[in-house]
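Asker: Attaching a single structure in structure tokens format; questions to follow.
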There are 2 protein chains.
Amino acid sequence: MNIILASTSTLFGGTYLAYLKEEIVNLFKGMEEIIFIPFARPGGISHEEYTEKAKQFFAGIQINVRGLHEFDDQAKAIQEAKGYFTGGGNTFLLAKTLHEMDLMAVLKHEIQNGKAYLGCSAGSNIGGLNMKTTNDMPIVYPASFECMGLVPFNLNPHYLDPNPDLKHNGETRETRIMEFLTQNDTKVIGLREGNWIRRIGNCITTEGTEPTRVFEKNKQPYEIAPGTVL
Amino acid sequence: MNIILASTSTLFGGTYLAYLKEEIVNLFKGMEEIIFIPFARPGGISHEEYTEKAKQFFAGIQINVRGLHEFDDQAKAIQEAKGYFTGGGNTFLLAKTLHEMDLMAVLKHEIQNGKAYLGCSAGSNIGGLNMKTTNDMPIVYPASFECMGLVPFNLNPHYLDPNPDLKHNGETRETRIMEFLTQNDTKVIGLREGNWIRRIGNCITTEGTEPTRVFEKNKQPYEIAPGTVL
């Protein structure tokens, strides 16, 4: 496999995908066109608006982008493409749309056979075993929480450390992931912003600027350095 | 109806249910025993541990508490009880358990016929039309997101205003609720900590110390003062 699952598309104060540019050039090397999957619709923007945003970034690295929604036969479009990018937004909306159109399995099959995949945030969540560790609000009801399982664990993008100054009794991210582990025996990778998972063939590493927090059932959470093989 | 749907069980620096004590005494007036619904299991604690916590508070106001999990016939226990308290925790786990045991409809029926209900956080979410505006992590897959609809809107407990100092690109609570409104035409009440919804008969008011933020499709969010009739 040849994939990147990133915590976020945009670093604080940065521009869209800028911090990942070098990695993206490498991921999609030799490709003239990729497909963008706009179904997560951040802030409810349209598929067209969202695809335009992706097009603008990829124009700068000489790659053409077509939105998956533009095709009549979307399964065939996935089968014929060489690479894919799924943008962030709402994971429930993204998964619901892919499941309803029977595209999750088609996409998984092509990526497992070596086609390049870039996911950011919600697009990374669907690369995990299931979407049960998303931070998103369940604004729609998907037919299933199961995802592509491109890596043998779940992701928690935008992982955020507890803020000791917050006078608020909502759960911390760590509390939520520990609750997940009381009901599931699945490793969770807490990806801080600035980090991503890189898989080349069977080698899976954490990359980026921050340490990554790992959660496993019946273990204390622990930190691993960028470059660690998972 | 006679219900309280509270944002949180515990204010920052306070003790369990302390800020709601006077309201709770009034809600359950004349009752010697109520049923506690422990299925949301905050932090994964057991039904027994969680029920013990509720028992301790209610002992102080001379009300006995029995956990719903203690009964062999839980539907019958709900039908025979005079009042209910559903504690906070994970809304997905709470809704999954109630749906699986066919108890959501039983509970709704009794409360609509006048029995007293107190919900906190996840216990308040299930009082709304559906759980699509919970903040919780989807750690399990419920058979449905539909809830009791004790009020004609959805709740967002622990409503949190955007923090302009946060250098993080996760969505704000407001962004998430606005995304919900792109997919649903359902009013959402953003309940800040310290606030609760009180319904007596057909009169529904917001109560507590903070203004309450209201979200409706195709409208700017707006604030209402404590005591406002909804």
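The values are calculated or read from the model by the stated rules, or taken from the named source; none is laboratory data. The structure presented is a predicted model; accordingly, all values stated were derived computationally and were not measured. Here the Cβ positions follow ideal geometry from the backbone for every residue, glycine too, while neighbour counts run over all protein chains shown.
Asker: Assuming B:ASN154 fulfils every condition listed in (1) within 9 Å of another protein chain (Cβ to nearest Cβ); (2) buried (at least 17 other Cβ atoms within 10 Å of the Cβ); (3) polar (S, T, N, Q) apart from one, which condition is it?
Answerer: With (1) within 9 Å of another protein chain (Cβ to nearest Cβ); (2) buried (at least 17 other Cβ atoms within 10 Å of the Cβ); (3) polar (S, T, N, Q) applied to B:ASN154, the lone miss is (1).
Asker: Another one. Just give me the residues in segment A:53-68 being within 19 Å of the chain's Cα centre (by Cα) and assigned to a helix (DSSP H, G or I), in sequence order.
Answerer: A:LYS53, A:ALA54, A:LYS55, A:PHE57, A:PHE58, A:LEU68
Asker: Here are some residues: B:THR133, B:THR212. Which one is more than 9 Å from every other protein chain (Cβ to nearest Cβ) and either within 20 Å of the chain's Cα centre (by Cα) or touching a residue at least 60 places away in the same chain (Cβ under 8 Å) (or both)?
Answerer: When all the criteria are applied, what remains is B:THR212.
Asker: If I filter segment B:51-64 for residues that are in contact with a Pro (Cβ under 6 Å, 6 or more places away or on another chain), within 30 Å of A:THR172 (Cβ to Cβ) and within 14 Å of chain A (Cβ to nearest Cβ), do I get at least one hit?
Answerer: no
Asker: If you go through segment A:18-41 one residue at a time, do you hit one that is assigned to a helix (DSSP H, G or I), touching a strand residue (DSSP E or B) at 6+ places or on another chain (Cβ under 9 Å) and closer than 28 Å to B:PHE180 by Cβ?
Answerer: no
Asker: Under the condition of being more than 24 Å from B:GLY208 (Cβ to Cβ) and among the hydrophobic types (A, V, I, L, M, F, W, C), which residue from segment B:125-180 is modelled with the lowest pLDDT?
Answerer: This residue is B:LEU166.
Asker: Which ones in segment B:122-167 are among the acidic types (Asp, Glu) and within 25 Å of B:TYR222 (Cα to Cα)?
Answerer: Answer for segment B:122-167, where residues must be among the acidic types (Asp, Glu) and within 25 Å of B:TYR222 (Cα to Cα): B:ASP136, B:ASP161, B:ASP165.
Asker: For segment A:21-50: of the residues being among the small types (Gly, Ala, Ser) and within 11 Å of chain B (Cβ to nearest Cβ), which is nearest to A:ILE200 (Cα to Cα)?
Answerer: A:ALA40
Asker: Specify which of the listed residues (B:ALA59, B:ALA54, B:ALA18) is crowded, with 16+ Cβ neighbours inside 10 Å and either under 25 Å from B:ILE200 (Cα atoms) or not acidic (Asp, Glu) (or both).
Answerer: Result of the check over B:ALA59, B:ALA54, B:ALA18: B:ALA54.
Asker: Report, by residue number, each residue of segment A:23-56 that is farther than 13 Å from A:THR86 by Cα, among the polar types (S, T, N, Q) and without any contact (Cβ under 8 Å) to a residue 40 or more places away in the chain.
Answerer: The answer is A:ASN26, A:SER46.
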